[in-house]
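The values are calculated or read from the model by the stated rules, or taken from the named source; none is laboratory data. Because the structure is a prediction, the values reported are computed rather than measured. So basically every Cβ, Gly included, is an ideal-geometry build from the backbone, and we count neighbours across all protein chains shown. Quick note on the areas: whole protein, heavy atoms, side chains included, nothing else; ligands and nucleic acids left out. Shrake-Rupley method; radii C 1.70, N 1.55, O 1.52, S 1.80 Å.
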Amino acid sequence: QVQLVESGGGLVQPGGSLRLSCAASGRIFLPKDMGWYRQAPGKQRELVATITSDGATNYADSAKGRFTISRELGKNVMYLQMNSLKSADTAVYYCSITLRETHWGQGTQVTVSS
């Protein structure tokens with residue numbers, strides 16, 4: 001079994017910052033590719049950013065320049081630093097890890113509102 005636990009969501013004003021964390025545990029023996037996705041009400045889940053096992057990153061256009069994905073070296077622990085948040089960033093944020101299949105966390109709510 002693989003478990004993913006996200007934390008760090010909450011309510012923030014426009015222009016503010018949040019840092020999300022994700023820790024994977026279970027039958028995972030090596031660093032794996034991980035990612036952050038989000039789903040806003042009434043919309044499909046979408047990519048935010050991904051990071052490979054050796055640290056290569058990829059961002060959605062909406063995240064470039066504002067969000068930074070990172071991970072702890074040699075571990076399946078990942079972060080998403082989100083700056084200059086906008087109301088359009090309001091969503092449930094999910095972390096993922098890809099083994100033979102992709103596993104998902106339970107999600108953490110991020111609300112950007114004044």
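Residues of segment 18-31 that are in contact with a strand residue (DSSP E or B) (Cβ under 6 Å, 6 or more places away or on another chain) and either of a type in the set (Phe, Trp, Tyr) or closer than 22 Å to Ala63 by Cα (or both): Leu18, Arg19, Leu20, Ser21, Cys22, Ala23.
Say whether the condition of being β-branched (Val, Ile, Thr) and at pLDDT 95 or above is met by at least one residue in segment 21-41.
no
The set of residues from segment 76-104 being assigned to a strand (DSSP E or B), closer than 15 Å to Ala49 by Cβ and touching a Leu at 6+ places or on another chain (Cβ under 9 Å) comprises Met78, Tyr79, Leu80, Gln81, Met82, Tyr93, Tyr94, Cys95, Ser96, Ile97. Of the strands (runs of 3 or more DSSP E) lying entirely inside segment 1-75, those carrying at least 2 residues that are closer than 13 Å to Thr90 by Cα and open to solvent by 30 Å² or more (accessible area, probe 1.4 Å) are 34-39.
Of the residues contained in segment 9-18, one or more are found to be in contact with a Phe, Trp or Tyr (Cβ under 8 Å, 6 or more places away or on another chain) and modelled with pLDDT of 95 or more. The C-beta contact set for segment 89-114 (first residue over 13 Å from Gly8 (Cα atoms) and open to solvent by 40 Å² or more (accessible area, probe 1.4 Å), second residue at pLDDT 95 or above and of a type in the set (Gly, Ala, Ser), distance under 7 angstrom, 6+ apart or interchain) comprises Thr102/Ser96; His103/Ser96; Trp104/Ser96; Ser113/Ser87.
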